[in-house]
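The values are calculated or read from the model by the stated rules, or taken from the named source; none is laboratory data. All values derive from a computational prediction rather than experimental measurement. Note that we place each Cβ from the backbone using ideal geometry, even for glycine, and neighbour counts take in every protein chain shown. Each accessible area value is taken on the protein alone, full model and side chains, heavy atoms only, with ligands, DNA and RNA left out. Shrake-Rupley method; radii C 1.70, N 1.55, O 1.52, S 1.80 Å.
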Amino acid sequence: MAMVASDNAPLLAEVDMGTDSSAPTVRATVVQASTIFNDTPATLDKAERLLAEASGYGSQIVVFPEAFIGGYPRGTNFGVSIANRTAKGKEDFRKYHASAIDVPGPEVDRLAAMAGKYKLSRISDVLSFEVLLGGPGCFLGKHRKVVPTASERIIWGFGDGSTIPVFQTPIGKIGIEIYCAPTADSRDVWQASMTHIALEGGCFVLSANQFCRRKDYPPPPEYVFSGIEEDLTPDSVVCAGGSVIISPSGTVLAGPNYEGEALISADLDLGEIAREKFAFDVVGHYSRPEVLSLVVRDHPATPVTYTSASVKTEGGLCITPVTIS
């Protein structure tokens with residue numbers, strides 16, 4: 001594995017897999033970089049710089065970390081304890097909410113334009129959404145975390161079956177053949193999870209995490225890492241990254257990186273998917289339909305349904321009763 005760096009650029013960890021000429025090869029990059037917290041326009045500018053660099057290395061798909069736009073509120077509890085919420089916590093949440101963007105919306109339009117400009121597909125995790133973009137610069141859709149993890153439920157809502165689609169793209173099926181896993185987890189055990197998903201799913205796994213130091217977040221008392229603030233210096237690492245690319249055989253192709261901000265890349269031989277599923281295919285000969293079945297409800301879970309005896313229009317005319325669901 002060659003490590004390539006420039007004076008003003010993140011590190012690039014790159015591996016050539018050795019390809020099968022009968023199957024396409026895709027160059028993938030996972031971004032390991034920190035948000036510019038509470039500054040969405042500056043974060044978008046940083047995203048474009050990173051995309052431009054990844055494009056220069058020939059990348060066709062780029063995956064950004066969880067909550068890259070808006071920021072992952074690591075270490076804060078927004079002043080919440082059972083039966084109590086502090087005034088500062090509410091204000092902190094207001095500022096955090098102000099960093100959020102609409103999906104779709106003008107910021108997503110800008111991200112799509114970036115994808116078109118640099119001729120690549122892009123997965124960007126925006127708060128609790130993954131935004132999927134494809135060439136030439138179009139918005140493909142969103143993928144939402146169905147259940148926010150642990151205390152994330154304080155700030156993020158739930159997804160449903162309509163926000164877990166698979167997207168067919170020229171470089172493969174995103175979500176099945178290429179499994180994108182933006183994360184905020186830098187523990188060693190995360191690597192085991194990613195390897196297991198790659199091996200059992202017969203897919204490539206692209207996991208992107210932020211690398212953050214304390215100084216990447218606002219200073220105290222504006223932002224406080226609950227319980228550990230007094231032990232931190234500006235250069236203390238609060239998220240060590242661990243971004244990684246793994247093949248369907250469970251082989252680590254690039255990463256994990258725990259050293260700093262980086263662009264981590266590998267060439268994905270898509271022919272490896274069929275080779276590995278020949279041995280173990282969880283939705284084929286190993287699905288065991290005689291024992292197990294799986295039903296996925298892929299429609300939106302509408303939280304409110306209106307049923308009325310009559311609906312009056314502005315002109316005073318009544319129309320047939322309807323149920324909106």
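Overview of results
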quantity	calculated
The one condition in (1) at pLDDT 95 or above; (2) closer than 29 Å to Ala279 by Cα that Val238 fails to fulfil	(2)
In the stretch 92-108, the residues that are part of a helix (DSSP H, G or I) and surrounded by 13 or more Cβ atoms within 10 Å (Cβ to Cβ)	Asp92, Phe93, Lys95, Tyr96, Glu107, Val108
Unique match (being modelled with pLDDT under 85, among the hydroxyl-bearing types (Ser, Thr, Tyr) and either open to solvent by 10 Å² or more (accessible area, probe 1.4 Å) or closer than 15 Å to Pro170 by Cβ (or both)) among Ser151, Ser121	Ser121
Answer residue from the stretch 154-171, given it is over 16 Å from the mean Cα position of the chain (by Cα) and within 22 Å of Ala184 (Cα to Cα) and is most open to solvent (accessible area, probe 1.4 Å) among those	Ile154
Test: residue in the stretch 281-289 that is over 17 Å from Thr195 (Cα atoms), in contact with an Asp or Glu (Cβ under 9 Å, 6 or more places away or on another chain) and polar (S, T, N, Q)	yes
Residues of the stretch 243-275 satisfying the condition of being without any contact (Cβ under 8 Å) to a residue 60 or more places away in the chain and open to solvent by less than 10 Å² (accessible area, probe 1.4 Å)	Ile246, Pro248
Search result, residues across the stretch 182-208 that are open to solvent by less than 10 Å² (accessible area, probe 1.4 Å) and aliphatic (A, V, I, L, M)	Met194, Ala198, Val205, Leu206, Ala208
Test: residue in the stretch 45-53 that is in contact with an Asp or Glu (Cβ under 7 Å, 6 or more places away or on another chain), farther than 15 Å from Ile154 by Cβ and surrounded by 21 or more Cβ atoms within 10 Å (Cβ to Cβ)	no
Residue check for Val131: in a strand (DSSP E or B), farther than 23 Å from Arg214 by Cβ, modelled with pLDDT of 90 or more and of a type outside the set (Ser, Thr, Tyr)	no
Residue within the stretch 33-45 that is of a type in the set (Gly, Ala, Ser), part of a loop (DSSP other than H, G, I, E, B) and modelled with pLDDT under 90 present	no
Failed criterion for Pro65 (all others in (1) open to solvent by 10 Å² or more (accessible area, probe 1.4 Å); (2) in contact with an Asp or Glu (Cβ under 9 Å, 6 or more places away or on another chain); (3) at pLDDT 90 or above hold)	(1)
Cβ pairs under 7 Å, 6+ apart, first in the stretch 58-70 and on the phi < 0 side of the Ramachandran plot and in contact (Cβ under 8 Å) with a residue 12 or more places away in the chain, second aromatic (Phe, Trp, Tyr) and open to solvent by 10 Å² or more (accessible area, probe 1.4 Å)	Glu66/Tyr72
Test: Gly79 is at pLDDT below 90, crowded, with 16+ Cβ neighbours inside 10 Å and at positive phi	yes
